[in-house]
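Participant: Structure below; questions to follow.
The values are calculated or read from the model by the stated rules, or taken from the named source; none is laboratory data. No experiment lies behind these values; they were computed from the predicted model shown. Cβ atoms come from the backbone with ideal geometry, glycine included; neighbour counts cover every protein chain shown. All accessible areas refer to the heavy atoms of the entire protein, side chains included, with ligands and DNA or RNA removed. Shrake-Rupley method; radii C 1.70, N 1.55, O 1.52, S 1.80 Å.
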Amino acid sequence: MAYALEGKVAVVTGAGSGIGRALAHNLASKGCKLALADIDAAGLQETAAGIDTEVLTQKLDVADRAAVYAFADAVKGRFGTAHVVVNNAGVAVSQTIADLGYQDFEWLMGINFWGVVHGTKAFLPMLLAQDEGAVVNISSVFGLFAWPAQGAYNAAKFAVRGFTECLRIELRDTDVKAISVHPGGIKTNIVRNARVHVDHRGRRDAKALADEFQRLARTTPEKAAQIIVDGIERGRPRVLVGPDAVLMDKIQRLMPESYSGVLLKLSERLSK
Ligand SMILES: NC(=O)c1ccc[n+]([C@@H]2O[C@H](COP(=O)([O-])OP(=O)(O)OC[C@H]3O[C@@H](n4cnc5c(N)ncnc54)[C@H](O)[C@@H]3O)[C@@H](O)[C@H]2O)c1
């Protein structure tokens, strides 16, 4: 039976832009009350301005463990509980592993990995107490296969997948779901806001990479949100977002040792 979202409390991190903003709007249209967080207070206010259900907003750095637990307390204080927790906040770094600086690596892991851990563990007690709800962790297709100059991002997104799949198994006798989400290219600000040093072709031009991403990313954030929310309603364990994600997942599974040759060629052809 589909999980009914009407009247439920949904938490979304990274709600000030892109997929998080579209998720907030979609979940509001389903009748959810919302608790929205982002490090970008202005973006968050813009998101909240377009929503007419009850909404709590919080400027929050998901890498800050104490702040995430304080946010969970604030959500409980305001709404009594949470049902759907979407750990979506994320950033990108483009650099080879040989030249990757620890500062960039730790910045990314703090948000993309630890942010997901913090959000999961801070809210999980509420979901378990009511034996209902879903933890929705946004990984990536880069949590399914590796890509040059994405070592830090790959490490975080593979880790999010492993963490979420483990949680899913541990929750098998409950009515709490753990869903890992793997978007392909979604037209958002992620690459524009990334720390780009060098890209997968060895170029050092951040603008060229951002422009190419805008051209190649075919799925809109609104469509991505629709696919993710549909996955929550159906209680899907894994959600692939976009036709490119479906194709790349197939290629990785057919050729687990040699997919990179095919995927790099495909990317060359598409970028022309
Ligand atoms: N866009 C894509 O193609 C794509 C593909 C796969 C996965 N993803 C993942 O989707 C998620 C959303 O990304 P997006 O594409 O919407 O990007 P985006 O840049 O449009 O939005 C990300 C949001 O996260 C917020 N954020 C950044 N650091 C934060 C922090 N420390 N604490 C709280 N919020 C923070 C940003 O302010 C921003 O509002 C990320 O986890 C990203 O890795 C995106």
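Participant: If Gly133 meets every condition in (1) buried (at least 22 other Cβ atoms within 10 Å of the Cβ); (2) within 15 Å of the ligand (Cβ to nearest atom); (3) over 14 Å from the mean Cα position of the chain (by Cα) apart from one, which number is that one?
Facilitator: The single condition Gly133 does not satisfy is (2).
Participant: On to the next question. Scan segment 209-219 residue by residue and report those that are surrounded by fewer than 20 Cβ atoms within 10 Å (Cβ to Cβ) and either β-branched (Val, Ile, Thr) or over 20 Å from Lys265 (Cα atoms) (or both).
Facilitator: none
Participant: Scan segment 1-48 for residues that are in contact with a Phe, Trp or Tyr (Cβ under 9 Å, 6 or more places away or on another chain), more than 15 Å from Val135 (Cα to Cα) and either in contact (Cβ under 8 Å) with a residue 60 or more places away in the chain or buried (at least 24 other Cβ atoms within 10 Å of the Cβ) (or both) and report the count. Reasoning before the result, please.
Facilitator: We begin by selecting, within segment 1-48, every residue in contact with a Phe, Trp or Tyr (Cβ under 9 Å, 6 or more places away or on another chain); these are 9, 11, 13, 33, 35, 37.
Applying the additional criterion that residues be more than 15 Å from Val135 (Cα to Cα) yields 33, 37.
Next cut, either in contact (Cβ under 8 Å) with a residue 60 or more places away in the chain or buried (at least 24 other Cβ atoms within 10 Å of the Cβ) (or both) only: 37.
Summing the residues that are in contact with a Phe, Trp or Tyr (Cβ under 9 Å, 6 or more places away or on another chain), more than 15 Å from Val135 (Cα to Cα) and either in contact (Cβ under 8 Å) with a residue 60 or more places away in the chain or buried (at least 24 other Cβ atoms within 10 Å of the Cβ) (or both) in segment 1-48 gives 1.
Participant: In segment 74-90, what count of residues is obtained for those that are within 10 Å of the ligand (Cβ to nearest atom), in a loop (DSSP other than H, G, I, E, B) and either polar (S, T, N, Q) or open to solvent by less than 30 Å² (accessible area, probe 1.4 Å) (or both)? First the steps, then the outcome.
Facilitator: Applying the first criterion (within 10 Å of the ligand (Cβ to nearest atom)) to segment 74-90 yields 86-90.
From what's left, in a loop (DSSP other than H, G, I, E, B): 88-90.
Next, only the ones that are either polar (S, T, N, Q) or open to solvent by less than 30 Å² (accessible area, probe 1.4 Å) (or both) stay: 88-89.
Number of matching residues: 2.
Each row is one residue, and each column tells you yes or no for (1) more than 13 Å from the ligand (Cβ to nearest atom); (2) surrounded by 21 or more Cβ atoms within 10 Å (Cβ to Cβ); (3) of a type in the set (D, E, K, R); (4) not in a loop (DSSP other than H, G, I, E, B).
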site	(1), (2), (3), (4)
Gly202	yes, no, no, no
Lys207	yes, no, yes, yes
Val229	yes, yes, no, yes
Ile232	yes, yes, no, yes
Gln252	yes, no, no, yes
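Participant: Of the numbered conditions (1) polar (S, T, N, Q); (2) more than 23 Å from Val181 (Cβ to Cβ); (3) buried (at least 17 other Cβ atoms within 10 Å of the Cβ), Gln103 fails exactly one; give the number of that condition.
Facilitator: (3)
Participant: Still on this structure, please answer the following. Could you grab me the full set of residues in segment 56-73 that are open to solvent by less than 40 Å² (accessible area, probe 1.4 Å) and assigned to a helix (DSSP H, G or I)?
Facilitator: Once the filter is applied, which keeps residues that are open to solvent by less than 40 Å² (accessible area, probe 1.4 Å) and assigned to a helix (DSSP H, G or I), segment 56-73 yields Ala67, Val68, Phe71, Ala72.
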